[in-house]
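Each value in this text was obtained by applying a stated rule to the coordinates, not by laboratory testing. Given the structure is predicted, the values throughout are model-derived calculations rather than measurements. In this analysis, Cβ positions are derived from the backbone assuming ideal geometry, glycine residues included, and neighbour counts consider all displayed protein chains.
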Amino acid sequence: MEKKIQIVSGTIRIAARLYDTPTAEAVYKTLPLKAQANTWGDEIYFPIPVEMLLEKEAKEVVEMGDIGYWPNGQAFCIFFGPTPVSIQDEIRPASAVNVFGKIGGDPVLLKQISAGSPITVEQAAP
């Protein structure tokens, strides 16, 4: 069954769906998560209590709205535009990430979330 989550920060509420991957399963089991948002270009990330290695499908360049897990920092990452290491219009994490989900709706809304803002990730009804 497809797993869905909600990402909430202040008045922003964004739905996302998770893929059928080991990382998605591990993250889903830890929900709800509460953290403070960190930003790096057009990426929001925060540490989570999940330890995973890179999966064979890990990506060095991701797409707008992708949700990834960054093993180097044990972090949940949401990508919605270029980062400081992007080349031209690509969206490039600091290093490879396990892409395990996708934002529904307009990921550009995430630009309204600033560093230090409280952020919650919770399970949503299927």
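Going down the list Lys4/Lys29; Lys3/Lys102; Lys3/Lys29; Lys29/Lys59; Lys4/Lys102, which pairs span over 18 Å between their C-alpha atoms? Walk me through the intermediate numbers first.
Values: Lys4/Lys29 12 Å; Lys3/Lys102 11 Å; Lys3/Lys29 11 Å; Lys29/Lys59 23 Å; Lys4/Lys102 10 Å.
Too far apart for the 18 Å limit: Lys29/Lys59.
To the nearest 20 debye, what is the magnitude of the charge dipole of region 3-124 about its Cα centre, counting +1 on the Cβ of each Lys and Arg and -1 on the Cβ of each Asp and Glu?
Values: 11 positive and 14 negative charges, 83 e Å.
Approximately 400 debye in magnitude.
Summing charges over all other residues whose Cβ lies under 12 Å from the Cβ of Pro93, with Lys and Arg as +1 and Asp and Glu as -1, gives -4. For the chain, the mean projected area of the C-alpha convex hull, equal to one quarter of the hull surface, is 6.9 nm².
What is the sum of charges, Lys and Arg at +1 and Asp and Glu at -1, for the other residues whose Cβ falls under 15 Å from the Cβ of Asn72?
Details: positive: Lys59, Arg92; negative: Glu43, Glu51, Glu55, Glu60.
Net of charged neighbours comes to -2.
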